[in-house]
Each structure stands twice: as C-alpha cells, then as structure tokens.
Amino acid sequence: MNKQVTRSRLWTILAALAAVMWGISGLFAESLFKISSKITPIWLTQIRLIISGVVLLIIAAILHQKPFSILKNKKNTLHIIAYGVFGLLPVQIFYFIVIEMANASIATILQFIGPFFVLAYLAVTHQQVLRKLDVLAAIMAFIGVFLLSTHGNLNHLAITPVALFFGLLSALGEASYTLIPVKIVKRISSLVLTGWGMIFAGLGLVIVHPSFPAIPNTSKVWLWVGAIIILGTIVPFQIMANALRYVKPSTVSLLDAFEPLSATVGSVLIFGLVMSGMDWLGTFLVIVAVLALNFTPKRKIKKFLKREYKEKLAISSLEMALILPAFFCLKF
C-alpha cells in the first residue's frame, strides 16, 4: 500500500481520536463538579487556561518559535489579548458553566453550533451571500436545539433557560475565537498565538474574579484536572497540528463530529444520562447541520488555498472563517 495513503489514514484516525479527547474532557469536568461544590467553572477555567498556555509556550520555545518576540509588537499583543479575553475565555468558562448546570453532552452540542454565529456575522457585516445549503443547515440546527431544549413540547423545558443561555454564549464565544485571529494567524505560529491567548485569558479571569477555593486535595481531583489539561487540551492540539500535514482541512472539519458524539455517548454510559428519542434526533440534526455548513466544493477549496499561497486572500470570506480554525488547529 502507498506510504502516503497509509500515513493519511493513520492521521485521519488520530484526528478523530483528538476530537474524541475534546469530547471526553467535558466528562472529566462533569466528574469534578460532582466531587465537590467548591470546584467551580471559574476555578477550573483559570487552571486549564494558565497551565495549558504555559505548556504550549514551552513547546513553542523548544521548537524555536520565539514566543516572547511576538510581544515586542504592541499591535500583535493587543490582538492576542483580544483573542484570549473575547474568544478563548468565553468558550471555556461558559462551556464549563453549562456542564455544571446540565451535562457535558448538552454543553458540547450547544457549543457545536458556533459556526452559525460566524455565518450570521459575515452575512450582516460583509454581505456574505448565503447558500441555500447554509439556510437549510441553520434551520436544521435551530430545530435540533429546540428538540434538545424542549423534547418537542413547548410547555416543557428539558434544560433550564439559564443553561440554554450560557450554552448559546459558549457558541457565540466559539464564533468570536474563530473570527478574531483570522488576520494574526497568518503572521505568527498557532502555538504561540494560542499559548499567549490562554495565558492572557486565564490571568484576566484571575484579576476580575480571583477564585482560590479550598479544593479537596485528593488524587482523584488532580487526576481529572490533569486529564482535562493533558488529554483535553495539549495532546489533541499536537495531534491535530501534525494531522493537518497529511489530512485535508475539510476532512478534519468533518471529524469534529466525534466531539459531541463522544460527549453524548460518554454521558449515557458513565453518568447514566437518559436520552429520549427527541434528544437523539436533536443531536443528529445539529451535527449534520454543522457538517453541511462546513461543506465546500473542491473547486472552491483549491481556489481558496491558491489565493492563500499567493497571500492575496480576501480575509472576509466565509471560507476563511470556516477553514482556518481547522487549518491552523485553533480549536480547544
């Protein structure tokens, strides 16, 4: 068998595994919240962002990417701070809040609709022409969230309005962290960008809301925290960064579906979450809708990459917003 084909298949499997790791990291967080009420989303967000950011910058330094040199440019520094505070921070903290209020499955699925906020932003601010497929996908996603929230009954909410609100804020945060770094990611390493972004976001949260609760000092607590940082952040980042050398970005975007699937299946198997038929249907509709939104004909992808190579890319394009997160591995 051709070595290139074999390598591509191997990294495709590893990329799917990375998506699964992101999904099950929510299960580790749910386990932590069940151990003690003193373990809060704010504390966990601070720990995850700061430690993960430091580790990523160490890796960047080992790879001779000079992580500190980027801070000499004031414009770049302000851009990274904005990325961390308005992108990475809301994605992390609102995600954990929904996990605490509901479960990892709901939190992951609601965050998964983030690309639709990107679509809406580009349509309003850049007059991006929507495809029929985009409109159909948006309707499917809305129906999916509706079914997950109500089980199809308008007189009954399956999750609290507050949890739904924070879930949508998490999706909005995912959209902002997709859009904010579109320009700067062309100038600096994604390792450096994400590392500093996480550190600025974590330190900003510490300054605004210092949270130093008396966390139960048990091996189980720190094992789960370590799993969130290592298996839920650092390892999948490295896998995806390398996988994108051998796997097409469009394929990686499709493999993202393993994240909500793993979180949902894990919630059922580990925490005994009871999923009704409407829940499974809603989950299916959301996943299919997002995958449809990420679908781009091959001729458009080739045109996009050609323009990117020549550095004549139209930054405001929908392709840029949807392909770059996978292409540069900015997802956490």
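Structure notes:
- Helix-derived mean residue ellipticity, 222 nm - over the chain, DSSP H n ≥ 4, -39500 (n - 2.57), to 500: -23000 deg cm²/dmol
- Packing-based ranking of 34-42, 122-130, 51-59 yields 51-59, 34-42, 122-130, ordered from highest to lowest mean Cβ neighbour count within 10 Å.
- The share of alpha-carbon pairs in the range 236-278 lying farther apart than 11 Å comes to 71%.
- Relative contact order [Cα under 8 Å, 6+ residues apart], the chain, whole percent: 37 percent
- Anisotropy class of the range 1-85 from Cα gyration tensor, a/c 1.5 cut: oblate
- By a 1.4 Å probe calculation restricted to protein chains, Trp222 has an accessible surface near 110 Å², given to the nearest 10.
- Atom-type composition of the exposed protein surface of the chain places 69 percent of the accessible area on carbon and sulfur (1.4 angstrom probe).
- The alpha-carbon atoms of the range 82-192, seen along their principal axes, cover 50, 35, 18 angstrom, with the largest extent given first.
- Rg over Rh, two decimals, the range 33-81 (C-alpha only, Kirkwood Rh): 1.18
- Compactness of the chain - radius of gyration and Dmax, Cα, Å: 19.3, 58
- Area of Leu269 that stays accessible when all protein chains are in place (1.4 Å probe, Å², to 10): 140 Å²
- Taking every protein chain into account, the accessible area of the range 114-241 amounts to 47 square angstrom per residue (probe 1.4 Å).
- Cβ crowding within 10 Å averaged over residues, with 77-83, 281-287 ranked highest first: 281-287, 77-83
- Largest accessible area first, the listed residues Asp279, Asp256 line up as Asp256, Asp279 when surface is computed with a 1.4 Å probe on the assembled protein chains.
- Three-way shape label, the range 203-250, alpha-carbon gyration tensor, a/c 1.5: oblate
- Reference-scaled alpha-carbon Rg (2.2 N^0.38 Å with N residues) for the range 20-169: 1.26
- Within the range 2-52, the ratio Rg/Rh, alpha carbon atoms throughout and Rh by Kirkwood, equals 1.26.
The values are calculated or read from the model by the stated rules, or taken from the named source; none is laboratory data. What you see is a predicted model, and the numbers here were worked out from it, not measured in a lab. A quick note on method: Cβ atoms are made from the backbone with ideal geometry, for glycine too, and the neighbour counts reach across all protein chains shown. We work out accessible area using only protein heavy atoms, side chains counted, and drop any ligands, DNA or RNA first. Shrake-Rupley method; radii C 1.70, N 1.55, O 1.52, S 1.80 Å.
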